[in-house]
Amino acid sequence: MSAPPPSNALFTSMTPKAYAMLSVLCGALFLDALDVSMKGVALPAIGSALDMSTSALQWVITGYVVGFGGFLLLGGRAADLFGRRRMLLVSLMVFVVGSAVGGAAPNGDVLIAARFVTGVGAAFSAPAGFSIITTSFAEGHMRNKALSIFTATGATGMALGMVIGGLLTDLHWRWVFFAPAAVGLIAFLAGLSFIPRSPHPRGGAKDFDIAGAVTITATMLLVVFTLVQAPEAGWTSARTLLSLLVALALLVLFTTIQRRVPSPLVRLDILRSPALIRANIGAMALIGAWIGVLFTMTLYLQDFRGWSAMEAGFAVSPVGLVAAVLSTRIAAPLVGRFGVDRVILAGLTSAALAYALLQFLSADSGYTALLLPSFLLIGLGFSLAYGPLTMAAADSVSVQDQGVAGGLVNTSFQIGPALGLSVVTAVNAANTGDTPDAFLHGLRLSLVVPLVFALIGVVTMLPALRRRKPSPAAAPVPQQETAHG
């Protein structure tokens, strides 16, 4: 199939306008990625100030994750049908309001409700930002470079959340909410000026699959809720099993609806793309493993070794620093040379090596001997895999499905952490004890889970070894052959 004319792409080079637009989108993604890890450091202070129990306190994190993971697919399709710029700006304001209300919350109930609303806002902004990039930059080298910068920002935010959260919590825990609200408002105002208007999407509301939207949103909400509650309720409890069965029934109903409506929320044929399936499994494996390690290392460094929250945050900061420095420098060139699948495979392998190294964790493991090399390898893994995973998702679908592809891969980026954290928590709870040796035993067994996740990702990407050349979409293309914007 011949490529569309280059005039269809808003940007065929990295002009000042392109960088301005990309900066706004990166700011929005940074907030989304930063949110969960940043809030975790502030939980003890929040609990003391608002008199929240431990079980209620976890919903400061869980409420956001449920809102984010539950509405991502709906957010992706809404961007395609109602306009990507419009959905990004509206969702940024929802994020700002939710964060501001959370910062001013007089009690735990208001805070948890605000966290859910904030997560919903992020669920609409993340796929909108992704699809603005994939439809604005010429396919090939330019789009891959833009996605590398975009996703490097997300990886950095996710990895540096503990450091930034610790700094803000030292000022006051409410700044953990007010600061993102202020940055989100700046991003909104900048977006009004720097995100160009695009042609009004054809169809719009009359083509919106309401039945499909309600069904898949209910499915995702139930799946995420069940995963985060499973360690407490029990993986084999009647409550967990019944919830999963209901979610499966809703998914079957959603599939039936998609086969019958003229304008489905998700065209089922895009799910036949092996590249899209690999990208989503890889996304779940990469982020699910990291969140599991982050949880375990927080317990190890703070509860077992007695480090402060700030010290623990700086200890894991090499992950974000490496991702920030290398993602924009190496991902796009390597994709152009070796193909997106092989670069993802290299990233997941680097992460797996790090988690294998962490199996040697002991009561007195040296930072420079064990922990720092592990964190550097994880940072390298993020640099090689995080951005290319979104490139693979974008390359696997047509322009009209970019929002859905963004919603799918971002859903995987949320389902992975929910699943990884649930399994790690369950393993730790089943094997830990009150004595130092028993506590460390539970942590070491918990670290097996991220290794398994990473190895699943590696195995998923192994078919890439059979490909001799990078795909045409991954390699740099001459300007006269650039694809759609």
Unmet requirement for Ile277, which otherwise passes all of (1) closer than 27 Å to Met391 by Cβ; (2) touching a residue at least 60 places away in the same chain (Cβ under 8 Å): (2)
Total residues in the range 1-52, condition under 20 Å from Ser308 (Cβ atoms) and at pLDDT below 75: 3
Every residue from the range 237-266 that is among the hydrophobic types (A, V, I, L, M, F, W, C) and in contact (Cβ under 8 Å) with a residue 24 or more places away in the chain: Val246, Ala247, Leu250, Leu251, Leu253, Phe254, Ile257, Val261, Leu265, Val266
Condition met for Leu242 (exposed (fewer than 13 other Cβ atoms within 10 Å of the Cβ) and assigned to a helix (DSSP H, G or I)): yes
Selection from the range 133-151 of residues that are of a type in the set (Val, Ile, Thr) and open to solvent by less than 10 Å² (accessible area, probe 1.4 Å): Ile133, Thr134, Thr151
Given (1) crowded, with 24+ Cβ neighbours inside 10 Å; (2) at pLDDT 90 or above, index of the condition Gly292 fails: (2)
Considering residues of the range 372-401 that are open to solvent by 10 Å² or more (accessible area, probe 1.4 Å), within 23 Å of Ser131 (Cβ to Cβ) and aliphatic (A, V, I, L, M) only, the residue modelled with the highest pLDDT: Val397
Condition met for Ala324 (open to solvent by less than 10 Å² (accessible area, probe 1.4 Å) and either out of contact with any Phe, Trp or Tyr (no Cβ under 6 Å at 6 or more places or on another chain) or more than 17 Å from Pro450 (Cβ to Cβ) (or both)): no
Residues of the range 55-71 that turn out to be surrounded by fewer than 24 Cβ atoms within 10 Å (Cβ to Cβ) and closer than 21 Å to Asp170 by Cα, as a count: 3
Lone qualifier among Gly98, Gly166, Gly184, Gly154 - being in contact with a Ser or Thr (Cβ under 6 Å, 6 or more places away or on another chain), assigned to a helix (DSSP H, G or I), surrounded by 20 or more Cβ atoms within 10 Å (Cβ to Cβ) and not β-branched (Val, Ile, Thr): Gly98
Any helices (runs of 4 or more DSSP H) falling wholly within the range 248-365 and containing at least 2 residues that are under 21 Å from Lys145 (Cα atoms) and among the charged types (D, E, K, R): 309-338, 340-357
The range 54-109: number of residues that are of a type outside the set (A, V, I, L, M) and over 21 Å from the mean Cα position of the chain (by Cα): 11
Subset of the range 101-122 (residues that are over 18 Å from Gly69 (Cα atoms), of a type outside the set (D, E, K, R) and either in a helix (DSSP H, G or I) or open to solvent by 10 Å² or more (accessible area, probe 1.4 Å) (or both)): Val101, Gly102, Gly103, Ala104, Pro106, Asn107, Gly108, Val110, Leu111
Candidate set: the range 30-54, residues that are in a helix (DSSP H, G or I), open to solvent by 30 Å² or more (accessible area, probe 1.4 Å) and of a type in the set (S, T, N, Q); chosen: the one nearest to Ala105 (Cα to Cα): Ser48
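Conditions tested, residue by residue: (1) at pLDDT 80 or above; (2) touching a helix residue (DSSP H, G or I) at 6+ places or on another chain (Cβ under 7 Å); (3) of a type outside the set (Phe, Trp, Tyr); (4) more than 30 Å from Ser317 (Cβ to Cβ).
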residue: Met87; (1), (2), (3), (4): yes, yes, yes, yes
residue: Val97; (1), (2), (3), (4): yes, no, yes, yes
residue: Arg115; (1), (2), (3), (4): yes, yes, yes, no
residue: Glu139; (1), (2), (3), (4): no, no, yes, yes
residue: Phe150; (1), (2), (3), (4): yes, yes, no, no
residue: Gly154; (1), (2), (3), (4): no, yes, yes, no
Odd one out for Val101 among (1) at pLDDT below 85; (2) farther than 30 Å from Arg329 by Cα: (1)
The range 285-311 - residue that is small (Gly, Ala, Ser) and more than 22 Å from the chain's Cα centre (by Cα) and, of those, nearest to Val458 (Cα to Cα): Ala309
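The values are calculated or read from the model by the stated rules, or taken from the named source; none is laboratory data. Since we're looking at a predicted model, the values are computed, not measured. Ideal geometry is used to build each Cβ from the backbone, glycine not excepted, and the neighbour counts take in all protein chains shown. SASA here: full protein model, heavy atoms, side chains in, ligands and nucleic acids out. Shrake-Rupley method; radii C 1.70, N 1.55, O 1.52, S 1.80 Å.
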